[in-house]
Amino acid sequence: MKRQGIVFVISAPSGAGKSTICEGLRQTPDFVFSVSCTTRAPRPGEVDGKDYWFIAPDEFTRRVTAGEFLEHAEVHGSRYGTLRAKVLELVARGTDVLLDIDVEGARQIRASAGGELKKSLVDVFIKPPSTAELERRLRKRGTENEEQIQMRLANAIREMAGWGDYQYVIVSGSMEEDLARFRAIMSAERCRAWRWS
Ligand code: 5GP
């Protein structure tokens, strides 16, 4: 039997533990992680082509004009975009793809998803248990300065308002709990009869 590919979308305000979930998921790579393009600078340890494609702002604009992005958005003052051709090719081949994108990107994909992609889309929002907990996690990470933390917190509060548009919500607990829940969603969605032929 053959199954159609699924586009799993994971969104969360930064500091909600999403990167940790993605890293955990990538330990069992039964999907392809969609490597986004971004204009932000790499953080220590980040690898070009693995975490992101780090590109210059004018190159990003060129790709937007050329229609190379499935969706793109400005997040925390930098631009981010998902490469269209790669995602569509994988789904057509029956391979599952994971997209780590913000609320605006997910909205664009939902809005534009016609035919195949509409049925392929499974979106999941990771919601921190409280704003105080989110702030605590963001500070603990220690990768942003105070100004960046304040910007990310303000964005987080705005982004959290969008969770109701998602098919699934995971109220974040421990990393293990979040990972297990995400894996459960993946398993169930893969078993939907209509995905098979
Ligand atoms: P970070 O800079 O912390 O890696 O990511 C910041 C935010 O950008 C995260 O919420 C992440 O989900 C989002 N993001 C990463 N790649 C993309 C993308 O291709 N498109 C959109 N819309 N958001 C993205």
Signed unit charges on C-beta, dipole axis of the chain, positive-most listed residue 143, 80, 99
99
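Where Rh is the Kirkwood radius over the Cα pairs of segment 1-53, the temperature 25 °C and the viscosity 0.890 mPa s, what D in µm²/s does Stokes-Einstein return?
After rounding, the answer is 188 µm²/s.
DSSP beta bridges in segment 37-106, what fraction antiparallel, as a percent rounded to 5?
On the way: 8 of 11 bridges.
For segment 37-106, the DSSP antiparallel bridge percentage is about 75.
Per DSSP H run of n ≥ 4, the term is -39500 (n - 2.57); total these for the chain, divide by its residue number, and report the mean residue ellipticity at 222 nm rounded to 500 deg cm²/dmol.
Calculated from helices alone, the mean residue ellipticity at 222 nm is -13000 deg cm²/dmol.
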Could you please rank 197, 34, 112, placing first whichever residue has the fewest other Cβ atoms within 10 Å of its Cβ?
197, 112, 34
Bin by bin, in steps of 5 Å, what percent of the Cα pairs in segment 24-111 do you find, going until the bin that has the longest distance?
3, 14, 23, 26, 21, 10, 4, 0
I need two numbers for segment 96-169: Rg to one decimal and Dmax as a whole number, Cα atoms only, in Å.
14.5, 44
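Can you give the local net charge around residue 167? Use residues other than it whose beta-carbon is closer than 14 angstrom to its beta-carbon, Lys and Arg +1, Asp and Glu -1. Write out the running numbers ahead of the final one.
Working: positive: 107, 110, 118, 119, 127, 181, 192; negative: 123, 165, 189.
Taking every other residue near residue 167 into account, the sum is +4.
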Simple label model, 7 Å out from Cα along Cβ direction - residue 84 to residue 194, nm
2.6 nm
Cβ under 13 Å from residue 77's Cβ, residue 77 left aside: what net charge do those residues give with Lys, Arg +1 and Asp, Glu -1?
-1
Where both partners of a DSSP beta bridge lie in the chain, what percent of those bridges are antiparallel, to the nearest 5?
30 percent
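Which order results if 118, 86 are arranged by neighbouring Cβ count within 10 Å, fewest first? List each step's numbers first, then the result.
On the way: 118 12, 86 15.
Listing 118, 86 from fewest to most nearby Cβ atoms yields 118, 86.
Is there a quick way to get the dipole size of segment 1-125? I mean about its Cα centre, with the Cβ of Lys and Arg at +1 and of Asp and Glu at -1; what is the value in debye to the nearest 20?
Details: 17 positive and 17 negative charges, 72 e Å.
Once rounded to the nearest 20, the dipole reads 340 debye.
Once Rh is set to the Kirkwood radius over Cα pairs, what Stokes-Einstein translational diffusion coefficient, in µm²/s, holds for the chain at a temperature of 37 °C and a viscosity of 0.692 mPa s?
Details: Rh = 17.4 Å.
Estimated diffusion coefficient is 189 µm²/s.
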Starting with the fewest neighbours, write out 38, 95 ranked by other beta-carbon atoms found within 10 Å of each beta-carbon.
95, 38
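We did not get these values from a lab; they are worked out from the coordinates using the rules stated. Quick caveat: nothing in here was measured; it's all calculated off a predicted structure. Here the Cβ is made from the backbone with ideal geometry for all residues, glycine too, and neighbour counts use every protein chain on show.
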